1. Out of the residues in the range 133-177 that are hydroxyl-bearing (S, T, Y) and surrounded by 15 or more Cβ atoms within 10 Å (Cβ to Cβ), which is farthest from L50 (Cα to Cα)?
2. Return yes when F153 is under 21 Å from R76 (Cα atoms), out of contact with any Pro (no Cβ under 7 Å at 6 or more places or on another chain) and aromatic (F, W, Y) and no when it is not.
3. Looking at the range 213-229, is at least one residue in a helix (DSSP H, G or I) and farther than 21 Å from P102 by Cβ?
4. Restricting to the range 208-232, name every residue that is surrounded by 12 or more Cβ atoms within 10 Å (Cβ to Cβ), aliphatic (A, V, I, L, M) and either closer than 24 Å to C89 by Cβ or out of contact with any helix residue (DSSP H, G or I) (no Cβ under 6 Å at 6 or more places or on another chain) (or both).
5. Can you name the residue in the range 181-207 that is without any contact (Cβ under 8 Å) to a residue 24 or more places away in the chain and among the hydrophobic types (A, V, I, L, M, F, W, C) and is also surrounded by the fewest Cβ atoms within 10 Å (Cβ to Cβ) among such residues?
6. Exactly one of these conditions fails for P163: (1) free of Cβ contacts under 8 Å to residues at least 60 places away in the same chain; (2) in contact with a helix residue (DSSP H, G or I) (Cβ under 9 Å, 6 or more places away or on another chain); (3) more than 21 Å from I47 (Cβ to Cβ). Give me its number.
7. Tally time: how many residues in the range 51-78 are closer than 15 Å to A120 by Cα and of a type in the set (G, A, S)?
Amino acid sequence: MRKVFRERGVVAETKGRPAIRIPHPAVTRLLSGHCMPAFFIGGVHLIRYLKKFPSSLRELKNVRALAAVAMLLALRIVLGMFANATLPCFGNTVKISAAFIPIAVTGALFGPVPAGLVGALGDVLSFIIAPTGGGYFPGFTISGLLTGMIYGFVLYGEKLRLPRIAIAWAVNTLVAETFLAAFWLYTLYANEPSYRFYLTARLISQAVKCAPEILILFALGKPVTALGRKLR
């Protein structure tokens, strides 16, 4: 008969009886709910956010929602063409534009799918209506799609409070407006100059626009919430 170490949770064996595994106290606390793992909590939040995708897809079946999305798309095109300017005091590296407003509002009202469509189609239609120098580059369309989806996942169905708006803006800035935009510019201009150059320029641009853009979206929070109630 083998020596038994019950306090350490090893296999206990007795003569004539099958081995019995005694659980470790830490395992017992975990299973009883006293020690909830962080990855489980994160998984619950992830599932909650992923549920917004089919919910926002159903928004497109609503005639009022479709009309509102179409108007926000038109507003995205108009603002992208006319409501923008370059600040020469920053060496022409900072370009301000109001085109992000309709995309973020669409995300808050109707979720990631309509907002992604507004972001992507807004870029394509803007190029068709008023082509800029050079040919069409699909990378910026992908960025527009991601911008809409990020704002939709973070803001849709939530209270438009300042911290949440700031989080949505920060995630979009890091993913679409900084690292990805710098990569598109680096690719578009044949890898000249370096990727670090474009990344630095994008970081400066987003740092300048941080406070104004967040405050604009926060100021629109109550009107957007009220509009959402009327459209339901």
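The values are calculated or read from the model by the stated rules, or taken from the named source; none is laboratory data. This one's a predicted model, so the numbers in the text were calculated from it and none came from an experiment. Here Cβ is always computed from backbone atoms with ideal geometry, including for glycine, and neighbour counts include all displayed protein chains.
1. Top of the filtered list is T141.
2. Against the criterion (under 21 Å from R76 (Cα atoms), out of contact with any Pro (no Cβ under 7 Å at 6 or more places or on another chain) and aromatic (F, W, Y)), F153 does not qualify.
3. no
4. Result: V208, I214, L215, I216, L220, L227.
5. Just the residues of the range 181-207 that are without any contact (Cβ under 8 Å) to a residue 24 or more places away in the chain, to begin with: 182, 185-186, 189-200, 207.
Pick out the ones that are also among the hydrophobic types (A, V, I, L, M, F, W, C) and you get 182, 185, 190, 197, 199, 207.
Values: A182: 19, L185: 18, A190: 6, F197: 14, L199: 17, A207: 12.
Among residues in the range 181-207 that are without any contact (Cβ under 8 Å) to a residue 24 or more places away in the chain and among the hydrophobic types (A, V, I, L, M, F, W, C), the one surrounded by the fewest Cβ atoms within 10 Å (Cβ to Cβ) is A190.
6. (2)
7. Selection size over the range 51-78: 2.
Yes/no matrix, rows are residues, columns are (1) at pLDDT below 90; (2) over 15 Å from Y156 (Cβ atoms); (3) among the hydrophobic types (A, V, I, L, M, F, W, C); (4) surrounded by 11 or more Cβ atoms within 10 Å (Cβ to Cβ):
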| position | (1), (2), (3), (4) |
| --- | --- |
| R48 | yes, no, no, no |
| S56 | no, no, no, yes |
| L60 | no, no, yes, yes |
| V63 | no, yes, yes, no |
| A68 | no, no, yes, yes |
| L72 | no, no, yes, yes |
| I77 | no, yes, yes, yes |
| A83 | yes, yes, yes, yes |
